[in-house]
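Q: Here it is, the structure in full.
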Amino acid sequence: MLSGAAAVMLVAGLGLTGAAPVLADEETEIIPVEDSDNSTEESVSQEPTDTETDTETTPESEAPDKDLELPTTDSLDKLLNSLGEQGTAPYIYWDVRDTDGELVPGATFKLEYREDDEWVSGPDADQIEDCDELCAELEDQDQLDINTTAGEILLENRASGRNSRLEEGVNYRISQVGAPEGYSWVIDGDNTQTIGEDDEDLAEWNNEDTHHFGTFEVQKGSPIAMRAARASANLTCEPGYVYGISANGQLQQVSTGNVTSVGSRASGVSNFNGLGIGDNGEVVYAYERTNSSRTVTMHSFNVASGSWTNTGDTYDTSNSPGNYTGGLVAGAINLNNGKYYFGGFQTDSSSVWGNIYYTQVFKVWEYDPSGSFTYKGYMPTYSGRNNPGATNGDMAFNSTGDLFVVRGSGTTTTVFSVTANNFNSASGGQITTSGSNNFTTMNNVNGVAFDAAGRGYLGAGGEIRSYAMPNWSNQQNVVSSRYSGTDLASCSSPATITIEKEVIGGRVQSEDQFSLTLHQGNELLGSATTTGSELGIQEDRIGPLPTARGVTLNFAETGANGANLANYASAYECTVTYVGGATIDLGQQQGSSGSVYIPDDGDSINCVIRNSPLVSTVNITKLVTDAQGNNPQPRSGWEVSASASIVTTPATPVQQTDVDGSASWEMKFDSFDQTTNVSVAEVMQDGYQFQSGVCEVTSLTGAERQIELTGPENTALNNIGPGDAIECTYINKPSTGAFKIIKKFKEDNVPSGFGVDTQFSGNYVCKIEDAVVKEGTWTSTGEGEATLDPAGDNLPAGAECEVTETEPESTSGLPNDSWSWDTPEIGQPALIESGKTGEVTVTNAVKRIYGTFNVTKVLVGTADADLNYSGEFTCRLGDETVTGTWGEIQAGDIWHADDTHEIPLGADCSVLSEDRPEHPVANDPSHSWDGEPEFTGAVKAVALDASEINLVTVTNRTKQELGSVIWFKTDADGVLLEGSEWQLTGPDSSSVTVVDCTAAGCENLLDVDPVSGQFKLENLGWGDYVLKETKAPAGYQLRNNEIEFSIGSTDPARLNWDLGELVNEKRDAPVIPLTGGIGRDFFAILGVLVLALGAGTIGFNKLRRREK
């Protein structure tokens, strides 16, 4: 990119007219430029501000380079002709427009690209300038924007130099850096726009091979002016305005010669202090002091209504942990986080060997509007034998959160600065601080504020003065009457300057230290001297100090504590952060002193002076890729070497790389202008081959060069000087072998002809020392060599490849569902050897899946409950038949087949036969089986753990055959006689009475034959019976003989008996009493008959109950 001075010289040298472009961070001054006739022209400058002094000089970076070789007019024409409105794809493009949609030239941007999971910005891509027709190509500066239309940017390259073409599909992002002069960004800060996701290396462009980032919008007005314009309606943040607070609670606006009350007074206060105003003037706090000014009661000010409110939050700082013994004097709002802080000075004394020593600190507390208070810590402000006496002061923050504590002792003013990082990390202990030089200002300062222009304001009693920063010069009286204030504040943030020291690589002597100074002209603004032995950024620094904008400050370093800067290579680098949030690195310059210009819209400027011993550092990093040559990773234990052609060659030129894959050396030089040649090499290990390598040499000036490494042998790096940092990388690729997977079936296990179409799949992974070098999937159809994705070639020697298989569908390719693939047997991992193919065999076997069915026993009829039943079954699946025995079970039970029966899942199972007891009822042969067993149809064998039950039902039926007997009661002539009664004794020796049924419906009699004199008894159980007449028909003699018969199926027993005619003989008639009446014998006979009839009825009922 072109600096403003270089552009002016380029224009003048070519005889062109027009103003040169000026960077946002450059001071617009009168710059003498020599034209081709050695005459001098001047560019128009801004009027000097009151912050500038006669001692200011042109920044070193803007001085014309008399040795600059200017391009000829022809070369410029060629350059302009090569720049066009349309680039050659792939390219990216965007534009800058104002709120009216008009193109606005002069913006700068930063381009980054994703590489190895990190965002990278190449050379000259951190501040891309908008190209117009004055774009020119210098030997060491490449113009990235090739669109000559001002306000439009088009990039084909990601950085200056060769081999930096954009690649379609790569993720890029751009960020705002500097707004055009006189404009500010509508969206503050970086406003980064990314093609894809922020954490992805690749992204999809919105056109086939181009990507449009859209429009970045700007608005008229500088960032500072825009910030002031956003201030609240009642508070002004413009330059020249600050605010004070009186002890009785009146907020006052102060400008030159004017004091204006703002709003109403806070009620009930008399010791008001600690005024703090937030960004844009939207939040205002102060506190009432009591308890010897150690207790605060917080108040907030409503800008809209102009009234104060007691928040009700009170805090006593004399309590632990602060244990404050001073008087609170300060308060401020951190413009970075919006929080309110307050504090004051505390002086303590101690006696050492009879001498009194005094120390003074400034203690700080944080107030949270929720009502909580936190002690942040303390910062030392004085140490000595003289009593510092009464000390007053104030505190303020800038927009980045840096803290400034102004200490006023008499007419001496000192600024103590705390960086935002140190302040935010404070947790109740000492806070690292940096003190400015002492400046003579005004007596007993009690308030400090900074306006939008960066002028400092000090208040004391009824007087306020303003000063040019940072040297507190050009004093001006703001007001000296009509003001009565205890504190000052503003809603503006000053620019700040910080000078830091970075020690790189070590100290020549362990006690070497470095002193830093900051000047404005001849005025010393601040100084600091490093301490300790730590490397990197030192804790001792100058600032951050408030400074005016539009001034040039000079910084320098000198050796301290015996350090000789001639033994060090020195360089410095300044970074400017703008009010809008953009950051620009001004580049690293060689030397131990320099100057920096504070831009008109600069917010914070940080300059780092770096020192490195007169050594050149060499670092070799060893990387090993995967077998495909990708994903390089650090590798330890590799021998690498570095040596030099001078006497300071390291004593151990050969080292082994550490766990980070690195080895380092230092090449020491005798003088700053000495150079040497350095040779680097590596020792190749077996099983690896060289892939690529490069050495990058970076000087203290920031200049870089690359040397390609073409092999492991010695490569010379020429002209290496002190301070050069050499970073070499060797990338090796493992020598390769191959790997395959063989699919087999277990011998005599898988049914012949099956499994040939089954799809097998799985995963494989190849590792070296737990690092994955390749992984993927494999597939195989039936037996044979599997297909790997990615292929199993180009594997590094020494890798071990393991295989897993995803279980195939259980019955895929098998005869039926009763077959399933079993867990495979996987061979040992294959060790990959160079030039060979490792192999892992995956053997599959099958297993039978057995099923079950159930048999249940159903009994219809009467049988003993404890009878056991069993039988034979058969199950058929295709050509396969399985037979077996079911049972034993009892009636109502269910028998389950289990895996011991080896019934194929899905087979059709049926019952073939049943074995049952001979008689269904023991000791009762009247019961017998009624026919053959009945079997339900075949059922499917289901899974052993299935919830469903497939039943085959075996049904047995029984029957009972009972006997009967008939006889006829007759007289000798065969005439039927009624009225006889009988006793029948059965097999169990029990007896019943049989009464002759003489009419139909003899329900209560055993005789079922309704004809008088005819008897029929039914349902007689098997066994022996005895029949005996117990009552003869009237007028007949009783038969005395018994009749025996047997009920059964085997002769002489029979089921149905006919006893024939049982004849009774007549008896003689009784003699009738002579008295003519029936006589008493009649009544006796009648009684006997009644008793007999009752007994017969009882016997009949018993027989009926027995039958039932």
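Q: Just for the stretch 220-260: of the residues that are more than 25 Å from N477 (Cβ to Cβ) and either at pLDDT 90 or above or charged (D, E, K, R) (or both), which one is surrounded by the most Cβ atoms within 10 Å (Cβ to Cβ)?
A: Looking at residues that are more than 25 Å from N477 (Cβ to Cβ) and either at pLDDT 90 or above or charged (D, E, K, R) (or both), I get R227.
Q: Name the one entry in L1038, L1020, L1062 that is touching a residue at least 60 places away in the same chain (Cβ under 8 Å) and hydrophobic (A, V, I, L, M, F, W, C).
A: Details: L1038 fails: touching a residue at least 60 places away in the same chain (Cβ under 8 Å); L1020 fails: touching a residue at least 60 places away in the same chain (Cβ under 8 Å).
Being touching a residue at least 60 places away in the same chain (Cβ under 8 Å) and hydrophobic (A, V, I, L, M, F, W, C) holds for just one of L1038, L1020, L1062, which is L1062.
Q: Out of the stretch 156-176, which residues are of a type outside the set (S, T, Y), modelled with pLDDT of 90 or more and assigned to a strand (DSSP E or B)?
A: V170, R173, I174, Q176
Q: So, one more: If the requirement is being hydroxyl-bearing (S, T, Y) and within 30 Å of N923 (Cβ to Cβ), which of these qualifies: T843, T862, T804?
A: Step by step, each of T843, T862, T804 is checked, and only T862 is hydroxyl-bearing (S, T, Y) and within 30 Å of N923 (Cβ to Cβ).
Q: So in the stretch 301-330, with the set limited to residues that are of a type in the set (S, T, Y) and surrounded by 19 or more Cβ atoms within 10 Å (Cβ to Cβ), which one is nearest to V406 (Cα to Cα)? Steps first, please.
A: Of all residues in the stretch 301-330, those of a type in the set (S, T, Y) come to 305, 307, 309, 311, 314-315, 317-318, 320, 324-325.
Keeping just the survivors that are surrounded by 19 or more Cβ atoms within 10 Å (Cβ to Cβ) gives 315, 317, 324.
Working: Y315: 24, T317: 20, Y324: 19 Å.
Applying the filter and picking the extreme gives Y324.
Q: Suppose we keep only residues that are in a loop (DSSP other than H, G, I, E, B) and of a type in the set (A, V, I, L, M, F, W, C) within the stretch 978-1002. Which one would you say is nearest to A1053 (Cα to Cα)? Working first, answer last.
A: Keep residues of the stretch 978-1002 that are in a loop (DSSP other than H, G, I, E, B), which gives 978-980, 986-990, 996-1002.
Next cut, of a type in the set (A, V, I, L, M, F, W, C) only: 997, 999-1000, 1002.
Working: C997: 27, A999: 31, A1000: 31, C1002: 29 Å.
Result: C997.
Q: Select from the stretch 957-975 the residues that are in a strand (DSSP E or B) and either within 30 Å of E934 (Cα to Cα) or of a type outside the set (D, E, K, R) (or both) and list them in ascending order.
A: Passing the criteria: R957, T958, K959, Q960, G963, S964, V965, I966, W967, F968, T970.
Q: Pick out, from the stretch 230-305, the strands (runs of 3 or more DSSP E) lying fully within it that include 3 or more residues that are over 23 Å from R455 (Cβ atoms).
A: Because the criterion is at least 3 residues that are over 23 Å from R455 (Cβ atoms), the strands (runs of 3 or more DSSP E) in the stretch 230-305 that meet it are 284-290, 295-302.
Q: Inside the stretch 106-124, can you point out the residues that are modelled with pLDDT under 85 and either among the small types (G, A, S) or outside the structural domain of G151 (by TED's automatic domain parsing) (or both)?
A: Selection gives G122 alone.
Q: Then there is this: Going through V750, V694 one at a time, which residue ends up being among the β-branched types (V, I, T) and loosely packed, with under 15 Cβ neighbours inside 10 Å?
A: Criteria check complete, one pass: V694.
Q: Here is a further query. In the stretch 922-971, which residues are touching a residue at least 12 places away in the same chain (Cβ under 8 Å) and among the charged types (D, E, K, R)?
A: Just the residues of the stretch 922-971 that are touching a residue at least 12 places away in the same chain (Cβ under 8 Å), to begin with: 922, 924-931, 933-944, 946, 949-971.
Residues satisfying the conditions are D924, D930, E934, K940, R957, K959, E961, K969, D971.
Q: For the stretch 980-1007, enumerate the residues that are of a type in the set (A, V, I, L, M, F, W, C) and exposed (fewer than 15 other Cβ atoms within 10 Å of the Cβ). It would help to see each step written out before you state the result.
A: First pass over the stretch 980-1007, keeping only residues of a type in the set (A, V, I, L, M, F, W, C): 982, 984, 992, 994-995, 997, 999-1000, 1002, 1005-1006.
Those that are of a type in the set (A, V, I, L, M, F, W, C) and exposed (fewer than 15 other Cβ atoms within 10 Å of the Cβ): A999, A1000.
Q: Regarding the stretch 592-604, can at least one residue be identified that is of a type in the set (V, I, T), in contact with a strand residue (DSSP E or B) (Cβ under 8 Å, 6 or more places away or on another chain) and within 23 Å of Q127 (Cα to Cα)?
A: Residues of the stretch 592-604 that are of a type in the set (V, I, T), as a first pass: 596, 598.
Narrowing further to those that are in contact with a strand residue (DSSP E or B) (Cβ under 8 Å, 6 or more places away or on another chain): 596, 598.
Going one step further and asking which of them are within 23 Å of Q127 (Cα to Cα), we end up with 596, 598.
Yes.
Q: For D348, are the conditions met, namely being closer than 27 Å to A420 by Cβ and surrounded by fewer than 19 Cβ atoms within 10 Å (Cβ to Cβ)?
A: No.
Q: Conditions first: (1) hydrophobic (A, V, I, L, M, F, W, C); (2) modelled with pLDDT under 95; (3) closer than 30 Å to C574 by Cα. F690 passes all but one, so which condition is the exception?
A: All conditions are met except number (3).
Q: Report yes if G526 is in the same structural domain as S570 (by TED's automatic domain parsing), of a type in the set (G, A, S) and over 25 Å from G343 (Cα atoms), otherwise no.
A: Details: in the same structural domain as S570 (by TED's automatic domain parsing): yes; of a type in the set (G, A, S): yes; over 25 Å from G343 (Cα atoms): no.
So G526 does not fit the description; no.
Q: Here is a follow-up. Filter the stretch 325-356 for residues that are of a type in the set (F, W, Y) and within 20 Å of N392 (Cα to Cα) and give the result.
A: Of everything in the stretch 325-356, those that are of a type in the set (F, W, Y) and within 20 Å of N392 (Cα to Cα) turn out to be Y340, Y341, F342, F345.
Q: Can you work out which of the residues in the stretch 648-680 that are buried (at least 17 other Cβ atoms within 10 Å of the Cβ) and in contact with a Pro (Cβ under 6 Å, 6 or more places away or on another chain) is modelled with the lowest pLDDT?
A: The qualifying residue modelled with the lowest pLDDT is F669.
Q: Now for a separate question. So which residues in the stretch 528-549 are surrounded by fewer than 24 Cβ atoms within 10 Å (Cβ to Cβ), in a loop (DSSP other than H, G, I, E, B) and aliphatic (A, V, I, L, M), if there are any at all?
A: L535
Q: Just checking, does the stretch 956-979 include any residue being among the charged types (D, E, K, R), in contact with a Leu (Cβ under 7 Å, 6 or more places away or on another chain) and surrounded by fewer than 16 Cβ atoms within 10 Å (Cβ to Cβ)?
A: Yes: the stretch 956-979 contains one or more residues that are among the charged types (D, E, K, R), in contact with a Leu (Cβ under 7 Å, 6 or more places away or on another chain) and surrounded by fewer than 16 Cβ atoms within 10 Å (Cβ to Cβ).
Q: Restricting to the stretch 682-723, give me the number of residues that are of a type in the set (D, E, K, R) and over 42 Å from the mean Cα position of the chain (by Cα).
A: Adding up the residues that qualify gives 1.
Q: Which one is nearest to the chain's Cα centre (by Cα), of the residues in the stretch 616-639 that are within 30 Å of T530 (Cα to Cα) and crowded, with 23+ Cβ neighbours inside 10 Å?
A: If we take residues in the stretch 616-639 being within 30 Å of T530 (Cα to Cα) and crowded, with 23+ Cβ neighbours inside 10 Å, then V618 is nearest to the chain's Cα centre (by Cα).
Q: Taking the stretch 800-833, which residues are under 11 Å from Y764 (Cβ atoms) and touching a residue at least 40 places away in the same chain (Cβ under 8 Å)?
A: Result: C801, V803, T804, E805, A830.
Q: Would you call R482 of a type in the set (D, E, K, R), in contact (Cβ under 8 Å) with a residue 12 or more places away in the chain and closer than 20 Å to Y340 by Cα?
A: Against the criterion (of a type in the set (D, E, K, R), in contact (Cβ under 8 Å) with a residue 12 or more places away in the chain and closer than 20 Å to Y340 by Cα), R482 does not qualify.
Q: Report whether or not V503 is of a type in the set (V, I, T), touching a residue at least 60 places away in the same chain (Cβ under 8 Å), surrounded by 16 or more Cβ atoms within 10 Å (Cβ to Cβ) and in the same structural domain as G550 (by TED's automatic domain parsing).
A: The answer is yes for V503.
Let's see how each residue does on (1) modelled with pLDDT under 95; (2) surrounded by 20 or more Cβ atoms within 10 Å (Cβ to Cβ); (3) under 17 Å from A845 (Cβ atoms):
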position: P734; (1), (2), (3): yes, yes, no
position: F754; (1), (2), (3): yes, no, yes
position: G762; (1), (2), (3): no, yes, yes
position: K767; (1), (2), (3): yes, no, no
position: V772; (1), (2), (3): yes, no, no
position: G782; (1), (2), (3): yes, no, yes
position: A786; (1), (2), (3): no, yes, no
position: G792; (1), (2), (3): yes, yes, no
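Q: Could you say which residue among I1047, I1085 is among the β-branched types (V, I, T) and modelled with pLDDT of 55 or more?
A: Matching residue, one of I1047, I1085: I1047.
Q: Just one of (1) within 30 Å of G505 (Cβ to Cβ); (2) in contact (Cβ under 8 Å) with a residue 60 or more places away in the chain; (3) among the polar types (S, T, N, Q) trips up T758, so point out which.
A: T758 satisfies all of (1) within 30 Å of G505 (Cβ to Cβ); (2) in contact (Cβ under 8 Å) with a residue 60 or more places away in the chain; (3) among the polar types (S, T, N, Q) except (1).
Q: In this structure, does G1060 turn out to be more than 29 Å from G974 (Cβ to Cβ) and either modelled with pLDDT of 90 or more or in contact with a helix residue (DSSP H, G or I) (Cβ under 8 Å, 6 or more places away or on another chain) (or both)?
A: no
Q: If we scan the stretch 443-457, do we find a residue that is part of a loop (DSSP other than H, G, I, E, B), among the β-branched types (V, I, T) and crowded, with 24+ Cβ neighbours inside 10 Å?
A: Within the stretch 443-457 (the criterion being part of a loop (DSSP other than H, G, I, E, B), among the β-branched types (V, I, T) and crowded, with 24+ Cβ neighbours inside 10 Å), the answer is yes, since at least one residue qualifies.
The values are calculated or read from the model by the stated rules, or taken from the named source; none is laboratory data. In this text the structure is predicted, and so the values were computed from the model without any measurement. A quick note on method: Cβ atoms are made from the backbone with ideal geometry, for glycine too, and the neighbour counts reach across all protein chains shown.
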